[in-house]
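Structure, as structure tokens:
Values in this text are rule-based calculations from the coordinates and carry no lab data. Please read these numbers as outputs of a predicted model, since none were measured by experiment. All Cβ positions, even for glycine, are placed from backbone atoms using ideal geometry, and neighbour counts span all protein chains on display.
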Amino acid sequence: MPDPMRPRILAITNQKGGVGKTTTAINLGAALAALGERVLIIDLDPQGNASTGLGVFASDRDNTTYELLHEDAPLSSVVCRTSVERLDIAPATTDLSSTDVELGAREDRVFLLKDALASETAANYDHILIDCPPSLSLLTVNALVASHAVLVPLQAEFFALEGLSQLMLTLRDVRETANPGLRIEGVVLTMYDQRNNLSQQVEADARGTLGDLVLKTRIPRNVRLSEAPSFALPAMIYDPLSKGSQAYVDLAEEILARHARPREIA
Ligand code: ADP
Ligand code: MG
């Protein structure tokens, strides 16, 4: 019987920009791939940063996530290889920014991505990571409807928790209407600076408010993570021993451990 949890689909979302969604999509994806998992990143942000950060220029491609959602292009025609083994991407262009306007009136508008992922191509992967835009727009709702769970990067800075209540309301809405099984995989602290009191305070607040939803792994502020995209590489490849890369391996292991299934005894 096909496993309904395979591929495991994770939306990486937070309506704030600049909190580390794309960095997490790229580097968690690369870390999972390094651990032997087959990973597809879906770039659902019209800015296309996950695509360019992996050296894929959507403007050179016939089909992108725009055609996937708007024109029923098959997933197989959108997926591109990256320079990382086992890591593929469905790239995005700025065209995608017209989604709310162009598709807002369609009755099936929140199911477009879910339908697009119900394909044999999707079944080739162990994990699908969706890099969401910085909004709670129709694109993000499509990601939430298509996903098993959400991973929320939280930048360890002032006002980090502000806006989370809005996201929680959206999650509740999606659960009540289109995806009752949607879970919160966790909140991951990003750009964490151990020496900074503010980082520690945000962590204490987040753990106090959200409890176990806050993952153990913290992603440190690390310059290698911000440099790597300009070399069109995940930090995992650009500098595998950097603190940033190591933290994303820890995150991948933490997430995998939660879903470890008992192995058959030989
Ligand atoms: P989002 O996708 O949420 O808008 P990004 O992942 O693009 O956020 O990150 C915003 C900026 O911060 C980018 O320039 C990125 O390189 C940088 N950045 C993200 N995470 C880290 C980190 N842990 N350490 C240093 N820089 C980071
Ligand atoms: Mg982004």
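Go through segment 165-207 residue by residue and tally those that are hydroxyl-bearing (Ser, Thr, Tyr) and in contact with a Ser or Thr (Cβ under 8 Å, 6 or more places away or on another chain). Spell out how you get there, then give the answer.
As a first pass, look at segment 165-207 and keep what is hydroxyl-bearing (Ser, Thr, Tyr): 165, 170, 177, 190, 192, 199.
Then keep just the ones that are in contact with a Ser or Thr (Cβ under 8 Å, 6 or more places away or on another chain); that gives 170, 190, 192.
Total satisfying the criteria: 3.
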**OP:** Name the one entry in 141, 145 that is of a type in the set (A, V, I, L, M) and touching a Ser or Thr at 6+ places or on another chain (Cβ under 8 Å).
**Re:** 141
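Being free of Cβ contacts under 8 Å to residues at least 12 places away in the same chain, surrounded by fewer than 18 Cβ atoms within 10 Å (Cβ to Cβ) and aliphatic (A, V, I, L, M) narrows it down to one of 118, 123, so name that one. Quick ask: steps written out before the conclusion?
Numbers: 123 fails: free of Cβ contacts under 8 Å to residues at least 12 places away in the same chain.
It is 118.
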Original post:
Any idea how many residues of segment 48-71 are among the polar types (S, T, N, Q) and more than 14 Å from residue 25 (Cα to Cα)?
Top reply: 4
**OP:** Select from segment 1-47 the residues that are closer than 21 Å to residue 85 by Cα and within 11 Å of ligand 2 (Cβ to nearest atom) and list them in ascending order.
**Re:** 22, 23, 24, 25, 26, 43
Subject >> Those helices (runs of 4 or more DSSP H) lying entirely in segment 190-263 with at least 1 residues loosely packed, with under 15 Cβ neighbours inside 10 Å and not acidic (Asp, Glu) >> reply: 197-210, 223-227, 243-258
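Given the options 79, 84, name the one that is touching a residue at least 40 places away in the same chain (Cβ under 8 Å), surrounded by 17 or more Cβ atoms within 10 Å (Cβ to Cβ), in contact with a Gly (Cβ under 9 Å, 6 or more places away or on another chain) and under 25 Å from residue 34 (Cβ atoms). Give the steps one after another, and end with the answer.
On the way: 79 fails: in contact with a Gly (Cβ under 9 Å, 6 or more places away or on another chain).
One residue alone meets the criteria, 84.
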